[in-house]
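Let me begin by presenting the structure, written as structure tokens, before commenting on it.
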Amino acid sequence: MIQQTDDRYKMIEKTMKKLGYDKSALIETLHTAQDTFGYLENNVLKFIARRLKLPYSKVYGVATFYHFFRLKPKGKHTAVVCMGTACYIKGANKILESLEQKYGIKAGETTKDSLLSLISARCVGSCSLAPIAIYDDKPIGNLTLEQSVQKVEDLLK
Amino acid sequence: MIHSIEELKELAKKRKCTEDSCKDELRVCIGSSCASLGSVELAKELTKEIKTDTVKNKKCKIKGVGCNGLCSAAIMVSKYHKKLDEEIIYGGIEKEDKEKLKELIVDDNILSDKKLDMKTSFFTQQKKIVLENAGIIDPNDIEDYISYEGYLALFTALEDMMPSEVIEEVKKSGLRGRGGGGYPTGLKWETVAKVDSEQKYIVCNGDEGDPGAFMDRAVMEADPHKVIEGMALAGFACGATKGYIYVRAEYPTAVEKLNKAIKQAKKYGILGNNIANTNFSFDIEVRLGGGAFVCGEATALITSIEGNRGNPRQKPPHLSDYGLWGEPTILNNVETFANIAPIIRNGGEWYASIGTEKSAGTKVFALTGHIKNTGLVEVPMGISLRELIYEVGGGLPEGSKLKAIQTGGPSGGCIPEELLDTSVDYDSLKAVGSIMGSGGLIVMDEKSNMVEVARFFMDFSKSESCGKCVPCRVGTTELTVLLDKFIAHEAKPSDFELLKSICEVVKDGSLCGLGQTAPNPVQSTIKYFEKEYLEGIKND
């Protein structure tokens with residue numbers, strides 16, 4: 001099996017082992033898998049199903065239930081626009097719209113050249129900095145419309 | 001390892017030290033808002049640079065602390081004079097102020113223009129119990145927590161109290177569930193304590209899904225040991241030996257701090273087997289959520305910990321009989337657990353004396369939206385919304401006028417300006433059509449369109465509906481479609497009646513709290529801002 005030679009599978013194996021290969025380890029295992037692979041590819045889901053002795057349908061069902069899990073790879077850069085209530089009433093929807101328009105993708109999609117993923121978040125918990133967006137793990141608050149686009153441009157440079 | 005209350009007190013005294021030789025502290029806030037402005041790097045650089053300066057290094061210690069509350073004044077730094085036991089807070093610090101901060105250690109007159117006035121209502125009207133250590137202690141250091149009476153409640157309970165006495169204190173305190181439900185905590189504990197079962201569980205709900213709320217995040221990041229202490233006390237009171245903290249994966253810092261705190265507590269013998277040489281054993285694990293709002297619902301959260309899709313189930317059986325893995329389980333919110341240690345330390349009567357008769361104690365609110373002092377505040381229950389907004393919150397920014405206040409997130413409602421004198425407690429907020437909720441409080445100015453606000457929340461509930469029951473799954477979708485018509489000014493007169501009746505159906509027919517409360521934002525805006533709905537109707 002190829003899995004044995006790939007170190008990333010060993011990371012997943014480690015989490016499952018720590019939790020005693022119990023069925024309840026599924027969500028924790030999916031988190032580890034996403035951390036190491038960047039997203040949950042089908043082979044990984046099948047691997048987890050086999051190791052935890054769960055039907056594949058169950059693993060797929062759980063992976064698609066939670067927003068946090070991605071089944072497609074992310075782009076090279078990401079822009080996460082917070083759409084929590086505080087951000088919303090301070091115009092986050094306009095920020096998201098303008099980014100969607102400029103890059104021709106909807107929230108949750110990646111540009112064709114795989115350079116940018118646009119993500120809308122439920123709430124990043126930094127409401128006092130509303131509206132806020134996270135550019136490649138760097139949160140920037142009190143954004144204006146112009147800034148929000150400029151920051152993405154800076155990323156893509 | 002700490003084996004007894006004497007050893008605990010000894011350690012606290014040693015760390016507290018008020019002698020001349022003891023170091024002052026420069027506390028840099030590393031809460032989420034300050035961190036996004038670079039406070040973490042600032043704290044690191046200061047620590048590094050001060051090491052080489054023997055005078056300053058001897059005099060002061062740089063400390064990264066959790067959220068200080070006034071996020072609108074980020075970055076916040078405070079200087080603590082150990083000998084005088086006095087703290088001076090500075091706001092609006094920038095990374096460029098690094099050199100000045102270093103000077104501040106030896107010269108109190110530096111940065112006086114950024115000194116915050118501690119006599120303003122923002123500071124004086126607050127009463128800190130849950131947040132008593134936030135902004136003061138280093139969340140990575142268990143000894144720092146111990147020096148501020150940390151784990152004193154647990155050790156007192158273990159050495160001098162019966163489990164029933166702990167429950168009695170919690171009952172006396174009048175503490176109600178801070179997740180928003182408001183169920184009396186003591187009663188919940190008593191029910192589980194009475195059940196005869198070999199295995200029981202304590203679960204802490206840290207899945208703060210309500211958009212616009214970040215209270216629990218701040219508590220977990222600033223004072224993780226307090227949550228652990230509260231859970232251990234619950235375990236002792238109810239005969240449980242195992243606890244789980246369910247945290248959103250979107251809060252990586254909170255997860256990190258909690259895991260670190262659990263590890264330290266184990267090392268110090270505060271978690272594990274035979275704590276303080278008694279026969280009480282307790283262990284805690286952190287479990288990650290996956291960003292599903294419905295997992296804040298009790299039965300959904302439990303099934304998610306078991307590794308399943310977070311679908312809620314019918315109640316009864318309640319968690320007290322059939323919870324995690326079918327065993328009796330106590331599920332409380334982060335803030336509820338954070339209230340426990342102070343209650344045991346100071347007594348239930350002390351806690352009951354704060355707040356109102358039916359809603360005792362304090363509540364933490366996340367003030368956001370069109371308000372000057374955005375951030376975290378902890379106020380006694382019974383304060384009026386007016387005081388909360390205009391005094392603690394400093395009012396709205398110049399030039400904007402208040403239109404409504406939203407509490408309770410997608411399950412709550414909008415309260416109009418006329419009702420500003422409503423008291424902040426579980427029952428009064430419910431009476432005006434909103435709910436206390438977990439503590440998100442969003443101030444909206446007159447530019448906000450209330451139908452759009454209602455649609456925003458409905459859209460949220462729609463996509464967060466787990467899909468198990470029809471009224472919620474179909475109802476929320478239909479409501480979103482209808483609200484869209486109102487926003488586009490294309491609704492028919494009959495649509496208004498339809499909107500109201502679907503709200504009733506979703507409310508009465510849904511399986512769990514998500515569906516049952518989802519119509520609240522629509523119903524409350526219809527109640528107070530009907531005109532805006534009527535404007536959306538096209539009369540042919």
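The values are calculated or read from the model by the stated rules, or taken from the named source; none is laboratory data. Because the structure is predicted, anything quoted here is derived from the model rather than measured. No Cβ is skipped: glycine too gets one built from the backbone with ideal geometry, and neighbour counts run over all protein chains shown.
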Positions within the stretch A:138-156 being under 17 Å from the mean Cα position of the chain (by Cα) and free of Cβ contacts under 8 Å to residues at least 12 places away in the same chain, in sequence order: A:Lys138
Selected residue (criterion: farthest from B:Leu37 (Cα to Cα)) from residues of the stretch B:93-105 that are surrounded by fewer than 17 Cβ atoms within 10 Å (Cβ to Cβ) and touching a helix residue (DSSP H, G or I) at 6+ places or on another chain (Cβ under 7 Å): B:Lys98
Residue satisfying all of: in the stretch B:285-334; touching a strand residue (DSSP E or B) at 6+ places or on another chain (Cβ under 6 Å) and in a helix (DSSP H, G or I); farthest from the other protein chains (Cβ to nearest Cβ) among these: B:Ala298
B:Ala232 vs. criteria more than 14 Å from every other protein chain (Cβ to nearest Cβ), modelled with pLDDT of 95 or more, over 15 Å from B:Val130 (Cα atoms) and in a loop (DSSP other than H, G, I, E, B): no
Residue list for the stretch A:108-149, filter: within 14 Å of chain B (Cβ to nearest Cβ) and over 18 Å from B:Leu37 (Cα atoms): A:Gly108, A:Ile119, A:Ser120, A:Ala121, A:Arg122, A:Cys123
Residue check, B:Pro139 of a type outside the set (Ser, Thr, Tyr), touching a strand residue (DSSP E or B) at 6+ places or on another chain (Cβ under 9 Å) and in contact (Cβ under 8 Å) with a residue 24 or more places away in the chain: yes
One residue from A:Ile95, A:Ile105 being outside any helix (DSSP H, G or I) and either more than 14 Å from chain B (Cβ to nearest Cβ) or not hydroxyl-bearing (Ser, Thr, Tyr) (or both): A:Ile105
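Among the residues of the stretch A:87-100, is any of a type in the set (Phe, Trp, Tyr), in the same structural domain as A:Ile140 (by TED's automatic domain parsing) and at pLDDT below 95?
Looking for residues that are of a type in the set (Phe, Trp, Tyr), in the same structural domain as A:Ile140 (by TED's automatic domain parsing) and at pLDDT below 95, one finds at least one in the stretch A:87-100, hence yes.
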Residue within the stretch B:343-356 that is assigned to a helix (DSSP H, G or I), more than 14 Å from chain A (Cβ to nearest Cβ), in contact with a strand residue (DSSP E or B) (Cβ under 8 Å, 6 or more places away or on another chain) and not hydrophobic (A, V, I, L, M, F, W, C) present: yes
Pairs where the first residue, in the stretch B:205-216, is more than 7 Å from chain A (Cβ to nearest Cβ) and the second is of a type in the set (D, E, K, R) and in a loop (DSSP other than H, G, I, E, B), C-beta under 6 Å, 6+ apart: B:Asp207/B:Arg248; B:Asp216/B:Glu208
Residue list for the stretch A:34-56, restricted to those being under 27 Å from B:Ile245 (Cβ atoms) and out of contact with any Lys or Arg (no Cβ under 8 Å at 6 or more places or on another chain): A:Asp35, A:Val44, A:Leu45, A:Ile48, A:Arg51
Number of the condition not met by B:Asn273 [criteria: (1) within 14 Å of chain A (Cβ to nearest Cβ); (2) surrounded by fewer than 24 Cβ atoms within 10 Å (Cβ to Cβ)]: (1)
Helices (runs of 4 or more DSSP H) wholly inside the stretch B:16-108 containing at least 2 residues that are among the basic types (Lys, Arg): B:39-51, B:54-59, B:98-104
Options B:Thr476, B:Thr407, B:Thr422: the member that is within 29 Å of B:Phe365 (Cα to Cα), surrounded by fewer than 23 Cβ atoms within 10 Å (Cβ to Cβ) and hydroxyl-bearing (Ser, Thr, Tyr): B:Thr422
Scan of the stretch A:88-109 for residues that are crowded, with 20+ Cβ neighbours inside 10 Å, within 14 Å of A:Ser120 (Cβ to Cβ) and out of contact with any Leu (no Cβ under 9 Å at 6 or more places or on another chain), ordered by number: A:Tyr88
Residue within the stretch B:394-412 that is away from every other protein chain (no Cβ under 12 Å) and touching a His at 6+ places or on another chain (Cβ under 6 Å) present: yes
Single condition A:Asp7 does not satisfy, out of (1) within 11 Å of chain B (Cβ to nearest Cβ); (2) of a type outside the set (Phe, Trp, Tyr); (3) farther than 25 Å from B:Tyr251 by Cα: (1)
Only listed residue being buried (at least 21 other Cβ atoms within 10 Å of the Cβ) and either farther than 23 Å from B:Gly296 by Cα or among the acidic types (Asp, Glu) (or both), chosen from B:Met436, B:Met450, B:Met458: B:Met450
Test: residue in the stretch B:363-379 that is without any contact (Cβ under 8 Å) to a residue 40 or more places away in the chain, more than 14 Å from chain A (Cβ to nearest Cβ), closer than 24 Å to B:Thr525 by Cβ and crowded, with 21+ Cβ neighbours inside 10 Å: no
Failed condition for B:Thr303, given (1) under 25 Å from the mean Cα position of the chain (by Cα); (2) touching a residue at least 40 places away in the same chain (Cβ under 8 Å): (2)
All positions within the stretch A:52-76 that are outside any loop (DSSP other than H, G, I, E, B), crowded, with 18+ Cβ neighbours inside 10 Å and more than 8 Å from chain B (Cβ to nearest Cβ): A:Val59, A:Ala63
B:Val453 in contact (Cβ under 8 Å) with a residue 12 or more places away in the chain and closer than 28 Å to A:Gly61 by Cβ: no
Filtered residues of the stretch A:109-132 (kept if part of a strand (DSSP E or B) and under 15 Å from A:Asn93 (Cα atoms)): A:Leu118, A:Ile119, A:Ser120, A:Ala121
Subset of the stretch B:188-198 [farther than 16 Å from B:Gly326 by Cβ and surrounded by 14 or more Cβ atoms within 10 Å (Cβ to Cβ)]: B:Lys188, B:Trp189, B:Glu190, B:Thr191, B:Ala193
Criterion: within 30 Å of B:Met458 (Cα to Cα), among the hydrophobic types (A, V, I, L, M, F, W, C) and out of contact with any Lys or Arg (no Cβ under 9 Å at 6 or more places or on another chain) - qualifying residue of A:Val62, A:Val80: A:Val80
Residue that is nearest to the other protein chains (Cβ to nearest Cβ), among those in the stretch B:26-42 that are crowded, with 21+ Cβ neighbours inside 10 Å and more than 20 Å from B:Val255 (Cβ to Cβ): B:Leu37
All positions within the stretch B:318-335 that are crowded, with 24+ Cβ neighbours inside 10 Å and of a type in the set (S, T, N, Q): B:Thr329, B:Asn332, B:Asn333
Qualifying residue in the stretch B:416-436 (condition: within 20 Å of the chain's Cα centre (by Cα), within 13 Å of chain A (Cβ to nearest Cβ) and of a type outside the set (D, E, K, R)): no
